[in-house]
Amino acid sequence: VVAVLFGPPGSGKGTQAAALAARLGVPHVATGDIFRKHLAGNTDLGQLAKSYMSAGKLVPDEVTCKLVASRLGEPDAANGGLFDGFPRSVAQAEWLLPFLSGRGQPLEVAVNLVVPDDQVVTRLGGRRTCTSCGATYHVAHAPPGPGDTCTRCGATVIRRPDDEDAVILQRLQTYHAETAPVLGVLRGAAPVHDVVGTGTIDAVAERIARVIPA
Ligand SMILES: [Zn+2]
């Protein structure tokens with residue numbers, strides 16, 4: 001299976017993608033994970049990506065696409081993969097679709113998680129993250145321990161700079177301007193199912209299962 005899970009920041013797509021990939025028996029292809037692996041392994045591509053990031057620049061599409069291609073070359077991706085956080089620009093989508101077809105595994109299906117902007121702001125704005133183990137909390141739904149401590153490891157729980165209101169609004173703006181147009185490109189290649197991304201993790205997983213049965 002070759003599929004894309006699409007959605008704005010804070011739509012919970014990482015969580016859903018991990019579960020869906022496991023259900024479909026394909027790897028969860030998340031660009032963040034691929035970056036981290038190449039950085040940790042100090043590969044040529046990792047060093048190239050790092051040279052942009054340490055200069056405060058965005059990693060160019062060309063480099064991101066090479067990282068994704070390298071991931072798809074690994075044995076566990078022989079039968080496909082579930083993309084999460086990729087493609088995030090029209091240029092990346094226009095590289096990915098022919099690349100997949102060239103492998104004889106064209107894109108089969110995509111899910112677009114629909115979450116309204118105001119809910120994204122509530123979700124991400126209320127998120128708190130452990131500085132040590134990375135556990136996440138939410139001020140309203142899953143608050144941290146007393147004195148903003150992690151209930152798992154006891155370290156301090158903070159609001160990450162990424163989750164400040166101004167940054168969230170900026171991320172949403174970038175999403176609508178640069179990433180949302182990717183949907184149009186995907187719709188030209190495969191069925192794209194709009195799925196309501198609000199509610200509990202289980203409720204959203206159930207809606208996804210209805211459009212992508214095992
Ligand atoms: Zn912790």
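Amide H neighbours of PHE83 under 5 Å, counting only residues 5+ apart in sequence or on other chains, H built in-plane at 1.01 Å?
When sequence neighbours closer than 5 places are left aside, the close amide H contacts are ALA3, VAL4, LEU5, VAL29.
Tell me the trypsin sites (Lys or Arg not before Pro) within segment 23-74 that lie in a loop according to DSSP and have at most 11 other beta-carbon atoms within 10 Å. Write down the numbers at each step before the final one.
Values: sites: ARG23, ARG36, LYS37, LYS50, LYS57, LYS66, ARG71; in loops: LYS57.
Those that pass, being in a loop and sparsely packed, are LYS57.
Work out from phi, with θ = phi - 60° and the Karplus expression 6.51 cos²θ - 1.76 cosθ + 1.60, the ³J(HN,Hα) of each residue of segment 133-140, listed in order in whole Hz, and give x for Gly and Pro.
Rounded to whole hertz, the list is 9, x, 4, 10, 10, 9, 3, 8.
Hey, with R₀ at 30 Å, roughly what FRET efficiency would ALA69 and THR149 work out to, going by the Cβ-Cβ distance, to 0.05? Write out the running numbers ahead of the final one.
Working: r = 43 Å, r/R0 = 1.42.
Using R0 = 30 Å, I get an efficiency of 0.10.
Provide PHE99, PHE35 in ascending order of the number of other Cβ atoms located within 10 Å of each residue's Cβ, fewest first.
The fewest-first ordering by Cβ neighbours comes to PHE99, PHE35.
Which longest run of the chain has no exposed loop site in it, a site being GluC sites (Glu not before Pro) in a DSSP loop with at most 15 other beta carbons within 10 Å, and the site itself not part of the run?
1-107
Taking the number of other C-beta atoms within 10 Å as the exposure measure, put LEU169, LEU82 in order starting with the fewest.
Details: LEU169 14, LEU82 26.
Final ranking by Cβ density, sparse to dense: LEU169, LEU82.
A short reminder: the numbers here are calculations on the coordinates, not readings from a lab. What you see is a predicted model, and the numbers here were worked out from it, not measured in a lab. A quick note on method: Cβ atoms are made from the backbone with ideal geometry, for glycine too, and the neighbour counts reach across all protein chains shown.
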